[in-house]
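The next block holds one structure in the form of structure tokens; read it before the comments.
The values are calculated or read from the model by the stated rules, or taken from the named source; none is laboratory data. Everything numeric in this text was worked out from a predicted model, so none of it was measured. Every residue, glycine as well, gets a Cβ built from its backbone with ideal geometry; the counts of neighbours run over all protein chains shown. All accessible areas refer to the heavy atoms of the entire protein, side chains included, with ligands and DNA or RNA removed. Shrake-Rupley method; radii C 1.70, N 1.55, O 1.52, S 1.80 Å.
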Amino acid sequence: MPEKIPSPEFSQQEEQNLIAKLREKGVDDPEVRKSLMVWCEKEEAEVASINTSRAGIELDLKKAKLYRAAGYRDEAWASLEAARQAAHNEGDEELFRQAEDLMDQMDAE
């Protein structure tokens with residue numbers, strides 16, 4: 001598991017608490033699973049209100065970072081792959097590169 005939490009990108013207390021719960025109890029804990037679902041639903045509602053493909057890609061990147069900070073490598077990798085593919089499909093080189101960079105960092109760990 002990663003040594004440092006939370007990352008600066010998770011400055012909201014809700015996200016910090018979620019990362020801590022994921023690390024402590026795991027994703028299979030009912031309370032943690034509910035907290036994760038609530039967080040995802042809130043983030044997805046925000047993306048839907050923005051209604052751009054970029055917002056969806058950015059959410060996939062954020063999910064990947066959250067999972068990575070919590071020590072869930074496979075889930076982080078899956079979110080990064082989704083972000084990378086969506087960025088490629090949209091021709092968004094910046095977000096594609098961000099996903100690739102995070103994947104490279106994970107490979108180096």
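Would you mind calculating the gained length between residue 34 and residue 106 on full extension (0.36 nm times residue separation, minus the Cα-Cα distance), in nm to one decimal?
Taking residue 34 through residue 106 to full extension adds about 23.2 nm, to one decimal.
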- Give, to the nearest whole percent, the P(r) tail of the chain beyond 23 angstrom, counting all Cα pairs. 26
- Task: Please determine, in degrees from 0 to 90 and to the nearest 10, the orientation of helix 13-25 with respect to the longest principal axis defined by the Cα atoms of the chain, where the helix direction is its Cα long axis.
- Result: 60
- Note on the structure: Across the chain, qualifying lysine pairs (alpha carbons under 18 Å, at least 8 places apart or different chains) come out at 16
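Only helical DSSP H runs with n ≥ 4 go in: add -39500 (n - 2.57) per run for the chain, normalise by residue count and round the 222 nm mean residue ellipticity to 500 deg cm²/dmol.
After summing the helix terms and dividing by residue count, I get -26500 deg cm²/dmol.
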- Taking a crude spin-label model, label points 7 Å out from Cα along the C-beta direction, the residue 25 to residue 89 distance in nm is 3.4
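Report in % the part of the accessible area of the chain that belongs to carbon and sulfur, leaving out ligands and nucleic acids; probe 1.4 Å.
Details: 3150 of 6540 Å².
Of all accessible area on the chain, carbon and sulfur atoms account for 48 percent.
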- Item | For the chain: relative contact order, % (alpha-carbon pairs under 8 angstrom, 6 or more apart) | 24
- Compute the accessible area per residue over the chain, keeping the other protein chains in place, probe 1.4 Å, unit Å². 60
- Cα-based Rg (one decimal) and Dmax (whole number) for the range 29-79, in Å? 11.5, 33
- Query: Once both axes come from the Cα atoms, what is the angle between helix 93-108 and the longest principal axis of the chain, in degrees from 0 to 90, rounded to 10?
  - Reply: 50
